[in-house]
Each structure stands twice: as structure tokens, then as C-alpha cells.
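Read the structure below first, then the notes.
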Amino acid sequence: MKNITLLGATGSIGKSTLSVIDQHPNQFNIFALSANTKWQAMLELCRQYQPTYAVMTNEEAADKLQSALNNDTQVLSGEQALCDIAAHQKTDYVMAAIVGAAGMSSALAAAKAGKRIMLANKESLVLAGDIFMDAVKHSGAELIPVDSEHSAIFQCLQGGRSGLSKIQLTASGGPFLHTPLSELQSITPDEACAHPNWSMGRKISVDSATMMNKGLEVIEAYYLFDLKPEQIDVVMHPQSIVHSSVYFDDGSTLSQLGNPDMRSVISYAMAYPQRISSGVAPLDLASNSPLEFYTPDLEKFACLKLAFEALKQGGNAMGTINAANEIAVDAFLNKTIGFLDIPQVIKQTLAQTKHAALNNLDAIIANDQEARGLASQIVAKYA
Ligand code: NAD
Ligand code: MG
């Protein structure tokens, strides 16, 4: 029986994780759950799973949960509590599924404590890739990606990486793959969040529509698989059936395929190196044909281009674009700025930030805060 600490339990990945756990009650036990503000949803989860700990990052939400609960679950609050449950000696596996930079310190705490980290929070690697991978190496933690593309690559590399020449991340192109650039500015948040293949949280859904999600994934892959930037390629694949590919020197390409449902990825991370049922239907290739592939349009999807530029710049550039993106997406979701203003805010924030190498967590957090401040000022000009 493995004790699971599920960070971000009320989100899209959180729910899919619970669905996999429900199917294997003799293999996995919920040890701790976390959420931000949704204490009523957490109350339901505590009644159902009876975790030892429930962390609400928001203090007021923690108080409300505590007074509504009448079982043995201990309610904690704050960011430090997230790190404590992630590193707790009784935690075996941590599902890091908090959205955004807010998920970094708890994922890093799990890495330092030598846990199995099932990493959905790609922002941890974008912000602190070197520190994170160092922590994994030194603690002996197991890092298993919970991002469909990276899981695909991880699976394709199970036979080893001898002769690996490049990896290729697939990108659906989101809801606007065929929408002309001239029509994008008037897109509404609900239109941007209506992903044709995947059901996800709102932030990552907007990131998929701008393709910043793919940009963050390029950076995620760079750290996870220890590659050079030029070994990472992106191809548009609107059907989201081929989840990514690995190219080898002998002309072979390995790809991983499946229906677009994160429960496959999550169950793989939980059972690795075994495979268990996930509830996802087997793939029917004939009914999904034709599978299409295109080269991405980097003028239309300027965020992807910016992410490649940030990766090549290195240092604080990646944390800066991530912070600016979080501010810009939030402003877009609140209808303060338009869809095409998102890449503009990121581009200007990056241009106005002095290049610096970031060697420790304090510097990373300071850069994140500074970039958020700058991006907020730029957003105010567009509002
Ligand atoms: P979501 O918005 O559905 O859920 C986010 C979770 O994080 C919620 O439980 C929320 O309570 C918690 N949270 C939000 N802000 C917080 C804060 N400030 N402090 C503490 N907790 C906070 O998001 P999601 O779609 O489940 O995505 C979660 C992560 O997984 C993201 O990093 C995303 O990029 C990644 N991911 C998601 C998918 C997907 O299919 N949804 C696929 C690949 C990767
Ligand atoms: Mg992905």
C-alpha cells in the first residue's frame, strides 16, 4: 500500500488522480490532500477519503473546513504546511498538481525528501529546473512526469537513450488552430477554455490556446530529459492521439499513442514500472483517422516562440516569461486584456528585465515577484 499526498486535489489533475485511486483501493491510500480556497469541495473529499492531513493554503478556508469537519483529519494551512505534507515521512508518493508557480516549493520539498514525485506542475521545472533536478539527484527521488507529452517520451525511453537524436512534442493547437490571426483578439475566455480534446483547468486551457503551454513544456522537457534546446522540436497534431515521439540516429522513431485522458498518464506514474487499469478506453486507430501533423506557425503562436527564446537566453528568462504569463492569463480570464495582448505582455516583461543567472531559490522567488510586478504594470497599460 502506497501513501499518496495529493497536492491540488480539487483541480482537474487532482480529480483524475482520485479516479485512478478509486479503482485501486488496495494499492493506494490517500494520506494527505491540499487545495487553495475550495473548502466545501475539500470537505467532501475528507469525508470520502479520511486523509490524515488536509491543507488549505488559504487560512480562512482552513478555518471553515476545520469547523465543518468532524473526523480525525488534521486541518493545516499555509505554504509551509504544503511542504511539510510533501516531505512527511509517511508520504510515499506526491502528486504535484497545484497550478502555477504556487506549486513550486511543495514539489521541491518532495524532491528534497526523496519521494516519488508525480510531476504535473511543470512550472516547478520552468522556474527552478537546475535546483529541482539537483535535488532529485541528491535525494534519490523518483521523478515521473505527469504531462502527456513528457510521459510519452519517458515511456519511449524505457529501452534506454542510446542513439537519441531529438524529441518531438506534439501540440493540438488548441481551439484556434485554424482561426486566422486577425480574429484572435476578440476571443472570449470561455472560447479560449473550450479545448477540443482535453478537459483541463482554466489557466492551462488558455496556455494551450496561446501555445504557451507547449513553450513551458519545451522547457520542462529540456530539464527532465537533459537535452540541448536544438534537440527539442514541436509538431502540430490536432487529434492529440500521438502524445510525443523520440527520434534515434538509426532512423527509427518511437511514439506513444492513446486517447487524450490524463488518467493513463497518472496511472502510469502511480504504478511505474508496472501498468494498471486507468478507466481509459483502448485506442481505436481506425475511428481516429486521419492523424494529421503540421509545422507550428510561430507568428500566430508568438508565445511558443518567446518560450524558445527564453530557453536559449537561460538564467532568469524562463522564470520571467512564466510569471508574466500567469499575470497576463489572469488578466485575460478577468477580461482586462485581449487574447493577443498575452504575448505582448510577456514580450515586454522579458525585454524590460535585466538578464541574470539565478543560483538559489531566494533569487528565483525574487525574480518571480519582480516579473509579476512588471507584468502587472504592463497589463495596466492595456486595460
Ligand atoms: P486546476 O486549476 O484544475 O487545479 C489547480 C489546483 O491547484 C486546485 O486544486 C487548486 O486548489 C490548487 N491551487 C490553485 N492555486 C493555488 C495556490 N495559490 N496555492 C495552493 N494551491 C493552489 O489545474 P489543473 O488543470 O489540474 O493543472 C494542475 C497542474 O497540472 C498545472 O501545473 C498544469 O500545467 C499541469 N497539467 C495539467 C494537465 C491537465 O490535463 N489538466 C495536463 C498536464 C499538466
Ligand atoms: Mg501537456
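Some values worked out for this structure:
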read-out	value
Surface share of carbon and sulfur [accessible, 1.4 angstrom probe, percent] for the range 110-170	45
Positive-end extreme of charge dipole, the chain - chosen from THR336, HIS355, VAL75 (charges on Cβ)	VAL75
Estimated FRET transfer efficiency when R0 is 35 angstrom, pair ASP130-ARG202 (beta carbons, to 0.05)	0.75
Most mobile of ALA107, ALA68, ALA81 in a GNM of the chain (Cα contacts under 10 Å)	ALA68
Violating pairs (Cα-Cα greater than 30 angstrom) within the set LYS15/LYS90; LYS38/LYS90; LYS90/LYS122; LYS90/LYS214	LYS90/LYS214
Förster radius 51 Å - calculated FRET efficiency between GLN377 and HIS138 (Cβ-Cβ, nearest 0.05)	0.85
Modelled FRET efficiency - R0 51 Å, GLU183 with GLN66, Cβ distances, 0.05 increments	0.55
Overall form of the chain per C-alpha gyration tensor (a/c, 1.5; a/b vs b/c)	rounded
Bins of 5 Å, starting at 0 and running to the largest distance - Cα pair percent for the range 2-145	2, 11, 22, 24, 20, 13, 6, 2, 0
Whole-Hz couplings from phi, Karplus 6.51/-1.76/1.60, listed for the range 289-299; x for Gly and Pro	7, x, 8, 10, 9, 9, 7, x, 8, 6, 6
Solvent-accessible area, 1.4 Å probe, carbon plus sulfur percent, for the range 171-276	48
Student exercise, the chain dipole from Lys, Arg, Asp, Glu Cβ charges, in Debye to nearest 20	320
Helical segments meeting 27 Å axial Cα length and Kyte-Doolittle -0.5 threshold in the chain (DSSP H)	361-382
Residue-span extension gain [LYS228 to SER252] - 0.36 nm each, minus C-alpha spacing	6.7 nm
Percent carbon-and-sulfur accessible area, the range 24-64, ignoring ligands, DNA and RNA, probe 1.4 Å	41
Solvent exposure of the chain as accessible area per residue, Å², 1.4 Å probe	42
Inter-probe distance in nm under a simple model that places probes 7 Å from Cα toward Cβ, at LEU283 and GLU299	3.4
Shape of the range 299-383, Cα gyration tensor, a/c cut at 1.5	oblate
Whole-Å semi-axes of the ellipsoid equivalent to the range 211-304 (Cα gyration tensor, √5λ, descending)	24, 18, 15
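The values are calculated or read from the model by the stated rules, or taken from the named source; none is laboratory data. Keep in mind that this is a model prediction, so the values were computed, not measured. Please note: Cβ atoms are built from the backbone with ideal geometry, for glycine as well, and neighbour counts cover all protein chains shown. These area figures cover heavy atoms from the full protein model, side chains too; ligands, DNA and RNA do not enter into them. Shrake-Rupley method; radii C 1.70, N 1.55, O 1.52, S 1.80 Å.
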